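Can you read through this structure? Questions will come right after.
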Amino acid sequence: MIKNEVVVSRYAEAFLSFARQNCGLDKALEDVVIVKNIIRDNPGFGELLDNPEIAYTEKCAIIDRVIRDGISDEIRDFLKLLLEKKRFEIFLDVAEYLRGKYSHHGQVDVLLKTAFPLELELIKRIEAVLKKRFKRDLRFYIDLDGSLLGGVQVTIGNTIIDGSVKKRLVELKDKLITLRME
């Protein structure tokens, strides 16, 4: 994970943690979408808030004037925090992160790649193990990929669990090359 992705995920999760306790998850996610649309539909607004020549207090006043009707205090406070920390430019990335992770009411997309069709019972066992490990509600997509040669490869967000024969052969090849060099 690159540095900016770490920063984005930390700010996003911190915001949601704060918002859950106050306005609730659904309201927080709804407000993020509204503010994201305001910024995207009015590029001058984002540029204004990102302008280093405008004082922080003036920017806060602008936020209070523009983002108000039906919008929670939590999203306004979050925008002000981003301004204070000079990280306003990551807001759209935070919004995208939250959309990707929470758009399915907490469900996380899982891509299960396999070389051959799997029995439904085996898929259910894999799902149960992953739910227990990641403590999340998962939504499965299955992709047949003959290049794996056998086994499975699971992708959950940025995490890849590769139990494919192809991966094992690559690891074996790397070990053999290392042994030859010694």
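Checking ILE54 against (1) modelled with pLDDT of 90 or more; (2) within 18 Å of the chain's Cα centre (by Cα): exactly one of these is not met. Which one?
ILE54 satisfies all of (1) modelled with pLDDT of 90 or more; (2) within 18 Å of the chain's Cα centre (by Cα) except (2).
Let me ask something else. What's the number of the only condition in (1) in contact with a helix residue (DSSP H, G or I) (Cβ under 7 Å, 6 or more places away or on another chain); (2) at positive phi that LYS166 fails to meet?
Evaluating LYS166 over (1) in contact with a helix residue (DSSP H, G or I) (Cβ under 7 Å, 6 or more places away or on another chain); (2) at positive phi leaves (2) as the failure.
Name the residues in the stretch 76-100 that are closer than 11 Å to ASP31 by Cα and free of Cβ contacts under 8 Å to residues at least 60 places away in the same chain, would you?
ARG76, the sole residue that qualifies.
When you look at GLU127, is it under 30 Å from PHE45 (Cα atoms) and of a type outside the set (A, V, I, L, M), yes or no?
Criteria not met by GLU127.
So which of LYS101, LYS80, LYS124 is modelled with pLDDT of 90 or more and either under 17 Å from the mean Cα position of the chain (by Cα) or surrounded by fewer than 16 Cβ atoms within 10 Å (Cβ to Cβ) (or both)?
Selected residue: LYS124, the only one of LYS101, LYS80, LYS124 that is modelled with pLDDT of 90 or more and either under 17 Å from the mean Cα position of the chain (by Cα) or surrounded by fewer than 16 Cβ atoms within 10 Å (Cβ to Cβ) (or both).
Another question, if that's okay. Evaluate the stretch 58-73: report whether one residue or more is touching a residue at least 40 places away in the same chain (Cβ under 8 Å) and not aliphatic (A, V, I, L, M).
There is at least one residue in the stretch 58-73 that is touching a residue at least 40 places away in the same chain (Cβ under 8 Å) and not aliphatic (A, V, I, L, M).
In the stretch 1-36, which residue that is under 11 Å from the mean Cα position of the chain (by Cα) and of a type in the set (A, V, I, L, M) is surrounded by the fewest Cβ atoms within 10 Å (Cβ to Cβ)?
Applying the filter and picking the extreme gives VAL6.
Here's a check for you: in the stretch 6-25, which residue that is assigned to a helix (DSSP H, G or I) and free of Cβ contacts under 8 Å to residues at least 24 places away in the same chain is farthest from LYS101 (Cα to Cα)?
Residues of the stretch 6-25 that are assigned to a helix (DSSP H, G or I), as a first pass: 6-22, 25.
Okay, now just the ones that are also free of Cβ contacts under 8 Å to residues at least 24 places away in the same chain, so 6, 10, 13-14, 17, 20-21.
Working: VAL6: 14, ARG10: 13, GLU13: 10, ALA14: 14, SER17: 14, ARG20: 15, GLN21: 19 Å.
Looking at the filtered set, the residue picked out is GLN21.
Follow-up question, since we're still on this one. Run down GLU182, GLU119 and say which single residue is at pLDDT below 85, of a type in the set (D, E, K, R) and loosely packed, with under 15 Cβ neighbours inside 10 Å.
GLU182
The values are calculated or read from the model by the stated rules, or taken from the named source; none is laboratory data. Bear in mind the structure is a predicted one, so any value in this text is a computation, not a measurement. Here the Cβ is made from the backbone with ideal geometry for all residues, glycine too, and neighbour counts use every protein chain on show.
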